[in-house]
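What follows is calculated from the coordinates using simple rules that are stated; it is not laboratory data. Note that the coordinates shown come from a computational prediction; the quantities given were computed from them, not determined experimentally. Counting neighbours? That spans all protein chains shown, and the Cβs are built from the backbone with ideal geometry, glycine included.
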Amino acid sequence: MPAILSTRPWLRRSAFAVAALAALAAGLYFGGGMSGDGDARGRDAGALFGVALPDTAGREQSLGQWKGKVLVVNFWATWCTPCREEMPEFVKLQAELGGRGLQFVGIAIDQADKVQAFAAELGLNYPALIGGNGAIELSKTMGNRLGALPFTIIVDRAGRVVHTQLGRLPEAQLMSIVGQLL
Amino acid sequence: MDSLPISAGSPAKPRRPEPARRVRVLWLAALASSFAASGPAVAQGQPKLLEPERAFAFSVQALDDRTVEARFAIADGYYLYREKLKLSILPPALAGPPALPPGKLKDDEFFGRVETYRDRLAVRIALDKADPGRKVTVRAESQGCADVGVCYPPQVQTITLALPAPGAPPGAPVEAAPARKSWFN
């Protein structure tokens, strides 16, 4: 086979095209479960930085103000148990690594009073912004195809999305990603 | 095939795989490893999930000229919160608040004991008066989660259907969202 391919370039080219198509099809097939389910990696987070949402005190906060930090944007809600379960880890890491440039920002698909109450209960040490359905749409543009929660986006200092996660982001995994970016 | 006894004519010569077979074996190994590689990539925090309208398939059937039955077919591995389920009729025409059946008790770390629905749920809704032929809209507000650890935002689904004539057989069930046909879902 290799001898034939090397002596007939057109055959080699078409074999290459077939292989490429097969790889593409395989990628589409096996990647089907992931398509949209959080695959915004490598994408520029510009859309995210252009967003401004009110915090629990009603002050408008632009996500752009955290550009240059290692940013972890977490979409959550008080009615979402898996979201609440992972947030104490975020609080801990914000306290430990905030000084090295790690910044968590929560975007709650929720009402301000409920967010405020939970933030107080948890001792939330990073901003909690209030997003409505528009925030769900924002998460969809970042790869959260179904708009489900929790959904987390990790952005590096250069403003590139390096990881998106639907469902809980285990601390070890979060640390292995963030550790390389700090 | 490989385990067949070696023919008596060549007792000292161990049988070796022919090149063609070796290539085939390599192919299979490569294929298997690509499958293995694709597995964890999909499982890694990106669970394969259903769209909410498919995880919680809503339908309504008109039973008679003053009763409709709202149903949820809940996919395996998904659940709805009883407390978050709100059924209503538009324009308002409820005889009384719909009686939601008891759910399955779930101990939630934050919300305490909550009731959840799994598998199937059917709720009869009585209208304030018989109104054959009239079109009514059944509105369902629901919120649910998947066992893999994600929750869907509250969703509102509506179904409009006509009430049957008195004594007529129940109407056909009306689905909120037709199942999407796709290779990937």
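Some observations on this one:
- Using the Cβ-Cβ distance between B:A122 and A:A172 with R0 = 45 Å, the FRET efficiency computed as 1/(1 + (r/R0)^6) comes to roughly 0.55.
- Three-way shape call for the range B:112-151 based on the alpha-carbon gyration tensor, with the a/c threshold at 1.5: prolate
- Cross-link reach list, aspartates and glutamates versus A:K67, counting only Cα pairs under 14 Å and skipping chain neighbours closer than eight places: A:D44, A:D156
- Charge tally in the Cβ shell below 13 Å around A:L174, where Lys, Arg are +1 and Asp, Glu are -1, A:L174 excluded: -2
- Stokes-Einstein translational diffusion, the range A:68-182 - Kirkwood Rh over all Cα pairs, 0.890 mPa s, 25 °C, in µm²/s: 175
- Taking 7 Å steps out from each Cα toward its Cβ at A:R100 and A:A47 produces label points 3.1 nm apart.
- Note on B:E83/A:R157: beta-carbon distance plugged into 1/(1 + (r/R0)^6) with R0 of 41 Å gives a FRET efficiency of 0.45.
- In summary, the aspartates and glutamates within cross-link reach of B:K106, defined as a Cα separation below 13 angstrom excluding same-chain residues under 8 places away, comprise B:E83, B:E115, B:D147.
- Filtered GluC sites (Glu not before Pro), the range B:48-126: DSSP coil and at most 10 other beta carbons within 10 Å: B:E109
- Neighbour net charge for B:P102 - beta-carbon separation under 10 angstrom, K R +1, D E -1: +1
- Base-10 log of normalised Debye intensity for the range B:60-185 (one unit scatterer per alpha-carbon) at q = 0.10, 0.11, 0.16, 0.22 Å⁻¹: -0.36, -0.43, -0.83, -1.28
- Length released on extending from A:L122 to A:L182, taking residue separation times 0.36 nm less the Cα-Cα span: 19.1 nm
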